[in-house]
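Engineer: What follows is a single structure, and I will ask about it in a moment.
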Amino acid sequence: MESIKELWMWLWLRFNNRKILHIAKNSTLRIEVTLDTDGNKAMGTGFVVAANRICTTKHTLQGARSITVFTNDKRRFEVNLNNVHKDSMLDIAFIDIPDLDLTPIEIDTNLPQSGTKPLTVTQTRFGYKLGRGRVSFDVDELEFVAPKLDTLTQQTELSLLIKVTDEGDSGSLILAPNGKAVGIITAYTPTAVIKFKDSSTDRGIRLYALTLFTRGSSIKDALEKLSK
């Protein structure tokens, strides 16, 4: 029943409210990070969360000598590194870009429910890319047997999305049918063995195409903390 309801919501969004997709597309940006004098680069995505402020992942900006942001309307911004704000706990960072003048994506603080299938919006050098995944479990319910994802999986603000994620997808917007951001893509592993923490058995389960994302509520909290 829920899957039918969700399908109708997406059909309504696709055919009757194209404004939501238009805003999501234009308020999602490509991030290019120059890492050294040899010109080695890292790529990622970010999206507008407040006036002239975008959200992305902290690891995308790690080791940046310079950061360039490209908008869907072909503008280019060289980022002042003093305008980069990295959260102390989560894999979240904010970048202030004067004169960006794009519509912020409203953040949904409700916990994404298992089984829902949100869209992902990514900006690449070839334009924006839409994907879709299925929300699975909250990381605080699980123990990762392999691979060990270091401190990342200790963040209870993470959830799992069953979806293949490409290089450069970090920071991508996870968009609910209501047009709000329910998360940001943080990490990906093509396969993993997990166990449920409350399970009476030590037997692991192998899952494939696991994308980890930070929930919208955590983005909202980090944004409010920065604004104080």
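Please treat every number below as a calculation from the coordinates, not as lab data. The model shown is predicted, which means the values in this text are computed figures rather than measured ones. With ideal geometry, Cβ positions are generated from the backbone for all residues, glycine too; neighbour counts draw on all protein chains shown.
Engineer: Would you calculate the separation in nanometres between label points at THR191 and LEU207, each defined as 7 Å from the Cα along the Cα-to-beta-carbon direction?
Structural biologist: Result for the modelled spin labels: 1.6 nm.
Engineer: How do the peptides 71-79, 44-52 rank, highest first, by the average count of neighbouring beta carbon atoms within 10 Å per residue? Mind dumping the intermediate values first?
Structural biologist: Values: 71-79: 13.3, 44-52: 21.8.
Result, highest mean Cβ count within 10 Å first: 44-52, 71-79.
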